Amino acid sequence: MELTSSLTLEMLGQPFLLEKRIKLLYAIAEHGSISKAAKAVPMSYKSAWEAVDAMNNLSAEPIVERETGGKNGGGTTITAYGKRLLETYRMLKEEHTRFLERLSSLPQLETGELQTIGRLSMQISARNQIQGEIRSLERGKVNVKLDIALKSGYIIHSVITKEAVENLGLEVRQRVTAIFKSSSVTVTGKGQESSSDNRMTGRVDHLIIGEERAEVVVDIGSGDIVVAVVDVECINDLKLQEGSEVTVMIRSNDVMVGR
């Protein structure tokens with residue numbers, strides 16, 4: 001009997017490097033373009049950007065960067081950190097293959113003793129999953145306010161229950177993932193912020209506009225990406241386009257924490 005298995009690496013309990021994402025990274029390195037890389041994998045342009053955003057958000061350092069200007073008009077590149085990550089993945093893949101070869105030779109495979117072994121997993125559908133470090137825990141009678149430092153330099157505040165903090169075993173200086181839905185993010189022009197708990201300024205990296213709703217992808221720095229889904233009217237009112245400077249806002253009660 002021959003065993004096959006894909007190799008997936010997780011970061012803080014979230015899928016981080018999957019084989020299709022690795023193929024996308026190699027394609028970006030080869031073509032220097034996200035659209036050409038998406039066609040080569042193949043995957044849709046939107047799915048390619050979502051994969052890049054997810055990897056950059058979960059990574060300690062940016063993996064993919066968008067370059068602007070230059071004689072060729074800019075493009076998309078793999079960072080030095082991203083190249084080291086690809087090399088590490090290649091070595092892990094080789095070890096993974098050797099492990100499967102050894103496992104395939106076990107006699108228990110033929111008797112069926114290993115056929116019941118499975119892996120259960122749950123993937124969170126929330127579009128925004130950004131890694132950071134807990135800087136403070138402010139405990140109240142019922143809830144706890146967490147300050148999470150992102151690699152972009154911003155501090156994102158989250159309010160969760162004391163029970164959740166205890167169940168997750170959260171402590172200061174732990175690496176965690178801030179999780180929030182794209183529908184919970186408000187977008188406004190720079191300098192027009194309200195009194196929302198979390199306010200972060202960045203530039204619009206790309207827009208996907210539908211008939212009634214639009215997806216706004218905002219780069220807040222150092223590979224941290226925030227995605228908002230807003231009414232098309234908001235896009236028109238703010239005259240948003242790629243490169244526009246905006247402020248994204250999220251209530252602390254809408255920010256979940258995972259580890």
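Per the Kirkwood formula on distinct C-alpha pairs, the Rh of the stretch 150-249 is how many angstrom? Please list the in-between numbers first.
On the way: mean 1/r = 0.0680 Å⁻¹.
Hydrodynamic radius (Kirkwood, Cα only) of the stretch 150-249 equals 14.7 Å.
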Note, the stretch 33-49: 3J(HN,Hα) by Karplus (6.51, -1.76, 1.60, θ = phi - 60°), whole Hz, Gly/Pro = x, goes 8, 5, 5, 5, 5, 4, 5, 6, 5, x, 7, 6, 4, 5, 5, 5, 5
What aspartates and glutamates sit close enough to residue 23 to cross-link, taking a C-alpha to C-alpha distance under 15 Å and skipping anything fewer than 8 places away on the same chain? 50, 87
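Order the peptides 44-57, 178-191, 216-229 from the highest to the lowest mean number of other Cβ atoms within 10 Å of their residues.
Working: 44-57: 20.5, 178-191: 17.8, 216-229: 22.7.
Top to bottom by mean Cβ count within 10 Å: 216-229, 44-57, 178-191.
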Count the lysine pairs in the stretch 128-258 whose Cα atoms sit under 26 Å apart, keeping only pairs 8 or more residues apart in sequence or on different chains. 10
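Rule-based calculations on the coordinates, nothing more; no lab input. Because the structure is predicted, anything quoted here is derived from the model rather than measured. Note: ideal-geometry Cβ built from the backbone for every residue, glycine included; neighbour counts use all protein chains shown.
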